[in-house]
Structure formats: C-alpha cells, structure tokens
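Asks: Attaching a single structure in structure tokens format; questions to follow.
The values are calculated or read from the model by the stated rules, or taken from the named source; none is laboratory data. Since the model is a prediction, treat every value here as computed from it, not as a measurement. Ideal geometry is used to build each Cβ from the backbone, glycine not excepted, and the neighbour counts take in all protein chains shown.
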Amino acid sequence: MDEQKSLEIGQVISVIGSKVAGILANLSDAQEAEYVSKATQVGAIVTIATPCSLAFGMIASLTTQNPSYPLSADKNRIIEIDLIGEALKKGEDGQLIFQRGVSVYPGLGASILSITSQALARIYAQPSTPCIKVGALRQDLSQPAYLKVDELVGQHFAILGNSGTGKSCAIAVLLRAIFKDYANGHVVLLDPHDEYTQAFGDKAEVISPETLHLPYWLLNFEEATEALCSKEPADREVEAPILKAAILAAKQAYMAGAGARSPITVDTPVPYRLFKVIEHIKAEMGRLNRPEKTQPYLRIIAKIESLDRDSRFSFMFSGLQVQDCMSEVLSQILRMPVDGKPISIFRLAGVPSEIVDVVVSLLCRLIFDFALWGGKDRSVPILLICEEAHRYAPSDKDLGFAPTRRSIARIAKEGRKYGVSLGLVTQRPSEISEVILSQCNTLFIMRLSNERDQRFVTHVLPENAAGLLRALPALRTQEAIAVGEGVSLPVLIYFEDIEPQNRPCSDTKRVSSGWQSDDPGRELVDTIVERWRLQD
C-alpha cells in the first residue's frame, strides 16, 4: 500500500487486546493540522506499523486528558482505535494483501498513520465472490461499498433504525441491485403500510386482498382457532375441541369424495367445505341434552357465517366452490415461475386487522414448509422480508400472535438449511425477539436515538465494531453501520440515491405544503366515507 503518502497523526501509548490508544500529534502546519482533523473522525480508518505487518483500525473515540481552552500543545489528546485487520504479505503486484483479524500487534511508540484513498480502496475492494454495489463508503464517498450476495441473502440480515432514517429505501436499494444481476429471484415482502408498490415497477407481483386467494383450508388448527373462535380465553378453551373435531370431519369427507385414502390430521393442508363444518357442529349440538350447553357451538357457527358474509374476508372465506388450488397459490407467492417478477409484495394494509396476524403466520409457515418438503437437494433460495418485524416477533411472549412468532423463529433457526432466509426491518430492535435477531448474520444499523435500542444493539455487534455505536445518534439519513458476513469488514455505508419514481412511499407528509390552501374539501370526505362503508 502507498504508506509514503500517509501522514503520521500520533503514537501508540496502550495496547489491550484489539483496543489501541494513542496520542495525537500536534502539528504546527495549519494545512496538515486540518488534514489530521478530517482523518481522525469517529469511524475513520488508520494504519499502525508493526514489526512485520501493517495493522488497520477504526477510530472509536477521541478524548483529552487535560481539558482546557484552548487545548494545550502536549500529550493531552487521546485517540482510541479498534483493530480490524492487517496486511502481512505482498501479492503478485507487490501490494500488501489485507485480511481480517490481527496476529501481530503494534508496540508502544508505534506510529499511527492516516490512510490513503488507495489503501482504503484495497481494504474495501470488490470481493472476489458474487457481490452487489449499494452505495459508497462514508469515509470516502468516491469509494464504492459492496455487499456479498451469498452471505447476505443466503443467510439472514436485519435493518435497524429510527423512523425516517431510510430503512425502506435501503431495502429498495438492496433488492434492486440484486435483481439487476440476478433476475430470477424469489423474494416475498410483507408490506404492512403499502410502501413498496411503486419501488420495483413491473418486477413486482403486488398481492392485495383484491388479487389474493388464500383459502381458509390452508390454515392449520392454531390459525383456524384464532380466526374462528372467541378471543376470550375461557370461551376459546371450550370452543377449540368442537372446532377441531368439525374441521377434521369436513376434511375426511372431502378426501373421501375425492377417492383419497391416505390418513390426514387437522393440520393436513387439504380442502374442506365450511358448510360441512357447520353441519358437523349442528349434528353434535343436536346430541346435547341441555340447551345451555349449545352456546359454544352457536358462537362458532355465527363466526363462520359472519366471515362468509363479510366482503373484507372474501380472499380467504368465500362461499364459492372449493377446489384444490394449493399449487397455484404457492406459485403466485413464491414466484415460480418468476415470469419477470422476482418479488411478490403483500399489501397487508388492506387485510382486516382481525385476521392480519393469521395471514402473516400462514404465509411464513407456507414458505418454510414448502422448502422443508422440497428437500435440501431441490431447494430454491427464498428470501422473506418482514417490515415492522417487532409486530410479528416481539420479545414479549404475551404480545403478538404466538404461531407467527414461532414460524419466524423456525425460519431464523432452521431456514438456512433449506434455502429460506430472513430480512428483518424494524425501528424498535429492543422490542424484537433477541433469539430471532441473534440469528441475523449481517446487520445494517441506521440512526438509533433511543438508549434502550442502543444498549440492545451492543449485544449483537461484534467487539471490533462496538466503537461505532457512539456514532449511531449522529448518523444521517441513508447512512448505516454494516457488520457481519455480508461485508468484508465493519463499515459505514452511505446508501445510494433512488430516483423519486422508484422510492418506497414512506415520506412524511409535508405540513408546509399541505396546509397552504383549503383544498381538498368536502368531496374528499365524502369519498373516504364511501370507501369506508363499502370496505373498498
């Protein structure tokens, strides 16, 4: 590397494991002093000569031992550095080759040098493995930032950050870069706020309740219980066995009519007719000798009939003919065949709140079970991205829908073996299950101002990136700390800009323009009321 153009900015005074402390040099030349100031920003890379290598570190903090104003000239400015790697040997071109980890540590008095653009480019050079360009290095915006595709998408990743920091745009940048080189992807994105419809143009299959057919018979028993039984625990405990027997009987009746003889359970994903469920419940109710015991039976029947009549639930509970369309449903969800649309976006904003958790649980479970039954030899890589992940996999087990959390946890723990990976996006990392988040091999941490969230993130960051946490509250929009298997080294990334027409619709409404005139008026109110009443 071109050390000759580097400037000595300090000397080592302490080495404790991967932590190095040094004294900053006091330069009389104003131009050099300004250069040192820029070269010693938190997150900047520096080099330190050792007896047989060149160590690289990331600046974690700057302090002074003898605070005064103005700062005195001698030995009062301390720089703390986290070592991240070293260059031990030269390649065929005579240049030092960078590698992770440190085997030879700096000694006391060793010079701390600023890094050149050439050296920075070699450290964060384009990997030899398949990769994508997603932006630039924050330290030097002329240097591109790369992510390793197999390590990023083939495993799990998470994007964490406050609302408004650019998480949705980061997802759009990542996926658009992937689709540019890998057009036959299989990505499922859960979109609770209808943000992503325009982000991918004609490369996306946008699925909403109007275009979705997700038949009720795909629900397992837990999901069916959530949808069809009372919310009150005491009532549900009585109703669940009644519903279980009725669903099993309806499935057996359908399969017998189809000539199938293989044994089935209440969780086997085979069609059945709702009217058969009601018939069975009424038959059992007729055997009761006390009228007061009929209430649980009547509640289930009433719930089934209300769902069947409510147009909001027609994508799942429909009185039309029942047919085995499982292959068609999976083909649409998983993009098989891709047909030029490598991503399916589920617009969950249109799904009734009473059943949205059931829908998410069903989708997550279907994706994992499809990969599981496909076997490792025939598995197709599938990426599931969960926006607002803390809603579906909360740390508090009393919150959320337990089957959804279990489905996501199962993908986090076992999905990689079968080609299913997770992308978690959340603004409250402290509220998401730590067990699930800990399975993410790559993290993109954007601005976090909440102290609880910052403390939580410290548990999942590698030691040599802990110093970067101090920069979290000061990160700008589109900036992120990237750590883990998807990057060669911990790095501060500035995600590239996206054309306005391709951005997710997640911008904050502008009061300064929206309150300038008295428009819209009553016409808008009438339109919204009509849509509200028609559930359109």
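Asks: Give just the number: which of (1) more than 19 Å from residue 416 (Cα to Cα); (2) crowded, with 20+ Cβ neighbours inside 10 Å; (3) modelled with pLDDT of 90 or more does residue 176 not satisfy?
Replies: Only one criterion is unmet by residue 176, namely (2).
Asks: Among the residues that make up segment 151-162, is at least one of them of a type in the set (A, V, I, L, M, F, W, C), over 28 Å from residue 351 (Cβ atoms) and surrounded by fewer than 20 Cβ atoms within 10 Å (Cβ to Cβ)?
Replies: Pass one, segment 151-162, residues of a type in the set (A, V, I, L, M, F, W, C): 152-153, 157-160.
Keeping just the survivors that are over 28 Å from residue 351 (Cβ atoms) gives 152.
If we keep only those that are surrounded by fewer than 20 Cβ atoms within 10 Å (Cβ to Cβ) as well, we get none.
There is no residue in segment 151-162 that is of a type in the set (A, V, I, L, M, F, W, C), over 28 Å from residue 351 (Cβ atoms) and surrounded by fewer than 20 Cβ atoms within 10 Å (Cβ to Cβ).
Asks: Next question, about the same structure. Pairs, please: C-beta under 7 Å, at least 6 apart or cross-chain, first residue touching a residue at least 24 places away in the same chain (Cβ under 8 Å) and farther than 12 Å from residue 47 by Cα and in segment 7-25, second among the basic types (Lys, Arg) and crowded, with 17+ Cβ neighbours inside 10 Å?
Replies: 23/77; 24/77
Asks: Could I ask something else about it? Of these, 112, 159, which one is in the same structural domain as residue 415 (by TED's automatic domain parsing), assigned to a strand (DSSP E or B) and either at pLDDT 90 or above or among the hydrophobic types (A, V, I, L, M, F, W, C) (or both)? Break it down stepwise before answering.
Replies: Values: 112 fails: in the same structural domain as residue 415 (by TED's automatic domain parsing).
Exactly one residue qualifies, and that residue is 159.
Asks: State which residue is surrounded by the most Cβ atoms within 10 Å (Cβ to Cβ) when the search covers only segment 309-324 and only residues that are of a type outside the set (S, T, N, Q) and assigned to a helix (DSSP H, G or I). I'd like the intermediate steps shown before the answer.
Replies: Going residue by residue through segment 309-324, those that are of a type outside the set (S, T, N, Q) are 309-310, 312-313, 315-317, 319-320, 322, 324.
In the following step, the residues that additionally are assigned to a helix (DSSP H, G or I) were identified as 309, 312-313.
Details: 309: 11, 312: 16, 313: 20.
Of everything passing the filter in segment 309-324, 313 is surrounded by the most Cβ atoms within 10 Å (Cβ to Cβ).
Asks: If you take the residues of segment 412-431 that are under 13 Å from the mean Cα position of the chain (by Cα) and assigned to a helix (DSSP H, G or I), which of them is modelled with the highest pLDDT?
Replies: So the residue we want is 412.
Asks: Here's something else I'd like to know. For residues in segment 333-366 being acidic (Asp, Glu) and closer than 18 Å to residue 399 by Cβ, which is surrounded by the most Cβ atoms within 10 Å (Cβ to Cβ)?
Replies: Filtering first and then ranking leaves 357.
Asks: State the number of residues belonging to segment 280-308 that are closer than 18 Å to residue 241 by Cα, out of contact with any Phe, Trp or Tyr (no Cβ under 9 Å at 6 or more places or on another chain) and in a loop (DSSP other than H, G, I, E, B). Give the steps one after another, and end with the answer.
Replies: So the first thing to find is which residues in segment 280-308 are closer than 18 Å to residue 241 by Cα, and the list is 280-288, 292-304.
Keeping just the survivors that are out of contact with any Phe, Trp or Tyr (no Cβ under 9 Å at 6 or more places or on another chain) gives 280, 283, 286-287, 292-303.
Within this subset, residues satisfying the condition of being in a loop (DSSP other than H, G, I, E, B) are 287.
Residues that pass the stated criteria total 1.
Asks: Which numbered condition in (1) over 21 Å from residue 496 (Cβ atoms); (2) within 21 Å of the chain's Cα centre (by Cα); (3) not in a strand (DSSP E or B) is the only one that residue 188 fails?
Replies: Of everything listed in (1) over 21 Å from residue 496 (Cβ atoms); (2) within 21 Å of the chain's Cα centre (by Cα); (3) not in a strand (DSSP E or B), residue 188 misses just condition (3).
Asks: Which residue, of 283, 302, 249, is crowded, with 16+ Cβ neighbours inside 10 Å, at pLDDT 90 or above and not assigned by TED's automatic domain parsing to the domain that holds residue 403? I'd like the intermediate steps shown before the answer.
Replies: Working: 283 fails: crowded, with 16+ Cβ neighbours inside 10 Å; 302 fails: crowded, with 16+ Cβ neighbours inside 10 Å.
None of the others qualify; the one that does is 249.
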